[in-house]
Amino acid sequence: MQETTSSGTGSRTIADIVSLAAERFGEQPAARFKRDGEWTDLSYTALSEIVSEIARGLIDLGLAAGERVALLCTTRVEWTYADFGITCAGGVVVPVYPTNSPEECAWVVGNSEARFAIAENAEQVAKLVAVRDELPKLEAIVSIEPGVEGTISLDELRERGRSRAAGEVDERVAGVQPEDPYTIIYTSGTTGPPKGCVLSHGNYRSVTRMCEEIDVIVTGEPVYLYLPLAHSYALLIQLLGVDLGAPVIYWSGDPQQIVPDLMATKPVYLPSVPRIFEKIYTLVTSNNDPAKIAAATQLGLQVRRMREAGQDVPAPLAAAFEKADAELYANVRNIFGGRLKQATSGAAPIGKEILEFFYACGAPVLEGYGMTETSTVTTTSTVADHKLGTVGRAIPGSELKIAEDGEILARGPHIFGGYYGLGDTTAFGEVDADGWLHTGDLGAIDDEGYLTITGRKKDIMITAGGKNLTPANVENDLKRSRWISQAVMHADRRPFPVALITLDPEEIVHFAREHELTEDVAALSREPKVLELIQGELDAVNARYAQVEQIKKFFLLDHDLSQETGELTPTLKVKRNVINDLYAADFDALYVT
């Protein structure tokens with residue numbers, strides 16, 4: 001009989017979670033993934049066996065407890081096999097973003113002194129081979145997909161593992177202590193080379209227990225995962241899923257298939273970054289009357305709030321709600337598969353009206369906040385405890401306060417111990433003598449304990465006239481436009497704010513067709529009708545701000561920002577310093593009268 005409780009396995013470290021989950025959940029599904037076009041389930045028992053084989057294989061290769069193993073792979077079930085396999089062998093997992101260049105891979109693998117690397121396929125292996133001369137401590141590469149020259153295949157590694165006694169893994173697991181490093185996650189960083197956050201078993205075991213107290217993820221209820229597992233956000237979801245007996249659904253690997261995946265697999269919980277919700281919001285609302293969408297949103301919010309409070313809903317209001325549900329709300333819920341209880345948006349801000357819209361439709365998207373240095377999360381929102389427009393309240397066991405300059409400080413057992421290879425932590429992400437992590441983010445805590453993020457200390461811009469500007473709000477307002485993908489304000493030591501704007505390549509083509517224009521995005525960025533369209537969007541946004549905060553001029557980039565060009569982090573944050581350097585001449589031109 002399936003468990004209905006949401007309590008975890010009670011594991012002492014991350015190393016013993018899988019075996020304890022196998023004892024508890026047995027043949028229940030631990031993972032769901034697509035193979036040969038079909039969705040396939042894998043049980044907890046099978047997961048534990050695979051993990052043990054990989055751990056024994058690594059021991060056979062010579063991996064000693066505490067040594068690092070790099071993991072370079074997209075989000076797929078084999079990432080989880082390898083992650084837990086390394087951990088159960090007593091090793092330390094060093095995730096590497098699959099979008100990293102060879103040079104970026106060299107930095108992470110070399111700086112962490114990884115002895116082995118597990119890479120997904122020939123493409124990822126080639127990155128390591130290209131910089132192999134820079135990695136004298138790297139002894140061998142394991143390829144998840146078979147047939148890659150110069151590597152050991154994952155199947156071969158498992159075969160080597162089967163030749164050794166399972167008791168060897170038990171001994172390694174028993175030797176792992178809560179204070180030992182579990183993973184070194186290199187912050188993608190918007191400035192400078194990534195720094196390796198050393199996160200212990202105790203850090204992640206603490207944060208999983210803290211999250212389990214608020215019942216966002218529940219035993220038996222599937223979670224859909226497309227976020228990069230090299231990032232702490234996805235990693236936490238993986239750990240919670242295994243610990244709680246909540247099947248993890250791994251995306252099919254194609255960004256264009258995320259919505260079809262959701263509709264096919266019907267998850268109950270969805271962790272994401274804002275871009276997915278912004279895309280779905282645009283998809284639903286772009287061909288509808290804005291006034292009707294606004295009215296339906298307010299109606300849905302009113303009725304759902306009344307029901308949550310146990311109030312009677314008047315018959316006319318209930319009838320209007322049922323009509324809107326049939327015409328709009330149910331269709332939105334079906335985009336998410338129809339069973340979604342909650343989605344959590346993290347890593348970047350999202351517009352309040354988008355949150356209100358999804359909540360009104362019965363597919364609540366709520367915000368949380370944290371950073372790699374907090375083992376992913378330090379505040380979150382739940383359906384039972386939230387305030388739209390905030391990132392929620394501190395999770396149980398976490399403390400928050402605001403410094404005199406507005407910086408958010410966090411403290412608790414989930415705070416990291418330092419950066420790998422550095423004698424001390426640095427300016428942003430520094431832990432003081434009292435255990436407070438200085439996050440580098442600016443915020444405010446209201447009387448009910450809800451945290452609102454107001455900006456980033458290092459993103460504050462001071463105009464030539466001495467006005468302090470925080471760019472996030474105006475940038476996010478612009479990005480809510482159907483036609484705009486990215487907006488980056490530029491104002492530091494300048495007379496007034498200007499902006500770089502990129503067109504949404506999927507949406508702007510509809511405008512182009514309506515106006516019989518070319519559908520080439522680069523050409524559209526120079527098209528007078530498109531410039532007029534974006535100016536109109538900018539005028540509408542500027543009207544919400546004081547004169548000194550308004551963006552006076554802009555230029556349209558001929559392509560969207562991307563990770564591949566180094567303009568975005570893997571979690572789609574803008575690398576502001578890169579943008580300022582790459583497009584310095586374009587920004588300068590906006591100030592020429």
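Read the figures in this text as sums done on the coordinates, not as results from a lab. Quick caveat, the model's predicted, so the values are computed rather than measured. Reconstructed Cβ throughout: ideal geometry from the backbone, glycine too, with neighbour counts over all protein chains shown.
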### Message
At 37 °C and a viscosity of 0.692 mPa s, what translational diffusion coefficient does Stokes-Einstein give for segment 460-590, taking Rh as the Kirkwood radius over Cα pairs? Give it in µm²/s as a whole number.
### Response
217
### Summary
Links exceeding 31 Å between C-alpha atoms in this model, out of 352/552; 279/401; 352/467; 292/479; 458/529, come to 279/401; 458/529
#### Entry: Extension gain, residue 137 back to residue 539 (0.36 nm per residue minus Cα-Cα distance, nm)
139.1 nm
### Message
With the alpha-carbon atoms as the only input, what is the per residue convex hull volume for segment 225-318 in Å³?
### Response
155
### Task
Determine the shape class of segment 275-421: with a ≥ b ≥ c the square roots of the Cα gyration tensor eigenvalues, call it rounded for a/c under 1.5, and otherwise prolate if a/b is greater than b/c, oblate otherwise.
prolate
### Query
Rounded to the nearest 500, what is the chain's calculated 222 nm mean residue ellipticity when only DSSP H runs of at least 4 contribute -39500 (n - 2.57) each, over all residues?
-10500 deg cm²/dmol
### Task
Working from the alpha-carbon coordinates of segment 154-226, get Rg over Rh, Rh being the Kirkwood radius.
1.08
### Query
By Kyte-Doolittle mean hydropathy of at least -0.5 and Cα axial length of at least 24 Å, which whole DSSP H helices of the chain are selected?
44-61, 290-308
### Query
Any idea what diffusion coefficient the chain gets from Stokes-Einstein, in µm²/s, Kirkwood Rh on alpha carbon pairs, 37 °C, 0.692 mPa s?
130
### Task
Report the label-to-label distance for residue 301 and residue 523 in nanometres (one decimal), using points 7 Å from each Cα along the Cα→Cβ vector.
4.3
### Query
For segment 1-106, which GluC sites (Glu not before Pro) are both in a DSSP coil and crowded by at most 11 other Cβ atoms within 10 Å?
27
### Query
Which one of 350, 125, 313 is farthest out on the positive end of the charge dipole of the chain, using unit charges on Cβ (Lys, Arg +1; Asp, Glu -1) and the Cα centre as origin?
313
## Note on the structure
Percent of all alpha-carbon pairs of segment 137-181 at distances over 12 Å, whole number, is 70
### Query
Which distance in nm do the two modelled labels at residue 164 and residue 516 give, with both placed 7 Å along the Cα-to-Cβ direction?
7.2
### Message
Only four residue types carry charge here, +1 at the Cβ of Lys and Arg and -1 at the Cβ of Asp and Glu. Report the dipole size of the chain about the Cα centre in Debye, rounded to the nearest 20.
### Response
760
### Message
At 1.002 mPa s and 20 °C, plugging the Kirkwood radius over alpha-carbon pairs of segment 1-112 into Stokes-Einstein gives what diffusion coefficient in µm²/s?
### Response
139
### Task
Note down, for segment 361-454, the three equivalent ellipsoid semi-axes (square root of 5 times each alpha carbon gyration tensor eigenvalue), biggest first, whole angstrom.
25, 14, 11
### Summary
To the nearest 20 debye, segment 460-590 has a Cα-centred charge dipole, built from +1 on Lys and Arg Cβ and -1 on Asp and Glu Cβ, of 720
### Task
Throw me the Rg/Rh for segment 319-378, computed over C-alpha atoms with Kirkwood Rh, two decimals.
1.11
### Query
Can you give the convex hull volume of the alpha carbon atoms of segment 524-593 per residue, in Å³?
123
### Task
Provide the FRET efficiency to the nearest 0.05 for the residue 45-residue 331 pair, computing r from the beta carbons and using R0 = 41 Å.
0.55
### Task
State the percent of C-alpha pairs, over all pairs in segment 401-514, separated by a distance greater than 25 angstrom.
45
### Query
Roughly speaking, what is the stretch gain from residue 586 to residue 405, that is 0.36 nm per residue apart minus the C-alpha to C-alpha distance, in nm to one decimal?
61.8 nm
### Query
Does segment 3-55 come out rounded, prolate or oblate by the C-alpha gyration tensor, with a ≥ b ≥ c the root eigenvalues, rounded set by a/c under 1.5 and, if not, prolate when a/b is larger than b/c and oblate if not?
oblate
### Query
Two-decimal Rg/Rh of segment 84-173 from alpha-carbon positions, Kirkwood Rh?
0.98
